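The structure under discussion appears below in the form of structure tokens.
Read-outs: derived from the displayed coordinates by stated rules, not from any lab. Please read these numbers as outputs of a predicted model, since none were measured by experiment. Counting neighbours? That spans all protein chains shown, and the Cβs are built from the backbone with ideal geometry, glycine included.
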Amino acid sequence: MRLRKKPWVAEALKGFSDIVVQNPGEGLAGKWQDMFGNELPLHVELGTGKGRFITGMAEQQRGLINFIGIEAKEEIVYSAAQKLRELELSNVQLLVFDVNDILTIFSRGEIERLYINFCDPWPKNRHAKRRLTHIEFLKKYRILLKPGGQLWFKTDNRPLFEFSLEQFSEFGLEINGITYDLRKSGFDGNVMTEYETKFSALGQPICRCEVNF
Ligand SMILES: C[S@@+](CC[C@H](N)C(=O)[O-])C[C@H]1O[C@@H](n2cnc3c(N)ncnc32)[C@H](O)[C@@H]1O
């Protein structure tokens with residue numbers, strides 16, 4: 001994805017070096033447990049946005065799970081970092097990074113679960129490959145997820161959801177807990193994202209599923 005850099009943000013992010021990795025590199029692959037200083041399982045959110053979900057999850061799972069949020073736009077990472085700082089959570093790191101390059105910063109089987117929440121739908125067919133649930137991304141996720149690892153997916157966008165279900169099936173993945181209306185599904189412990197809060201307030205149903213790799 002094309003990024004427009006805002007010079008003040010990179011500078012401001014330096015004040016969050018305990019929470020934000022601005023230029024993650026290959027040296028980090030296989031080293032995330034060392035970074036966190038423990039051997040807790042690793043959950044990674046792709047396209048974290050302003051961090052409401054990852055903050056809520058990290059708070060809920062403090063001492064149980066380490067979380068990494070990947071977000072391409074540094075000004076958005078800055079908003080997420082501010083949320084995290086207030087809560088003094090030590091089990092989250094935010095990366096200013098493009099998911100397209102995800103294979104370079106994790107090692108094989110290092111991740112236990114991925115979350116994709118309200119990813120950009122890229123409605124034009126010619127842009128389908130940019131959708132984070134496209135089969136070309138699934139190939140990468142398979143390498144990085146542990147055997148039995150999962151992807152949890154939420155979106156308000158029905159055509160994107162249908163497309164994603166097709167991609168998961170085509171790739172031979174088992175899909176569980178499919179719902180077209182999360183609020184009515186009985187799913188417990190849902191942590192809302194920024195987009196989810198906005199769409200839910202408009203009465204829009206949220207689609208969700210869990211995919212086993
Ligand atoms: C529609 S927003 C949803 C944000 C958040 N997940 C939520 O539900 O509120 C999608 C986010 O994904 C980020 N994003 C899109 N493509 C990305 C990529 N290839 N790598 C990293 N972040 C990406 C965008 O910058 C944006 O912040």
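Observations, loosely collected:
- For the chain, size of Cβ-based charge dipole, Lys and Arg +1, Asp and Glu -1, in debye: 640
- For the chain, the longest site-free run once trypsin sites (Lys or Arg not before Pro) in DSSP loop states with at most 12 other Cβ atoms within 10 Å are removed: 6-123
- Assuming charge only on the beta carbon of Lys and Arg (+1) and of Asp and Glu (-1), the dipole of the stretch 47-100 about its Cα centre is about 140 debye to the nearest 20.
- Relative contact order (%) - the stretch 19-212, alpha-carbon pairs under 8 angstrom, separation at least six: 22
- Over 30 Å between alpha carbons, listed pairs Lys31/Lys184; Lys6/Lys184; Lys50/Lys139; Lys31/Lys139; Lys73/Lys198; Lys73/Lys146: Lys31/Lys184; Lys6/Lys184
- Formal net charge of residues neighbouring Ala80 (Cβ-Cβ distance under 11 Å; K, R +1; D, E -1): 0
- When the helices of the chain are scored as -39500 (n - 2.57) per DSSP H run of n ≥ 4 and the total is divided over every residue, the value at 222 nm lands at -9000 deg cm²/dmol.
- Length released on extending from Leu103 to Glu174, taking residue separation times 0.36 nm less the Cα-Cα span: 23.3 nm
- The share of C-alpha pairs in the stretch 19-212 whose separation exceeds 30 Å stands at 14 percent.
- Full extension of the chain between Asn38 and Glu88 yields a length gain of 16.3 nm, computed as 0.36 nm times the residue separation minus the alpha carbon distance.
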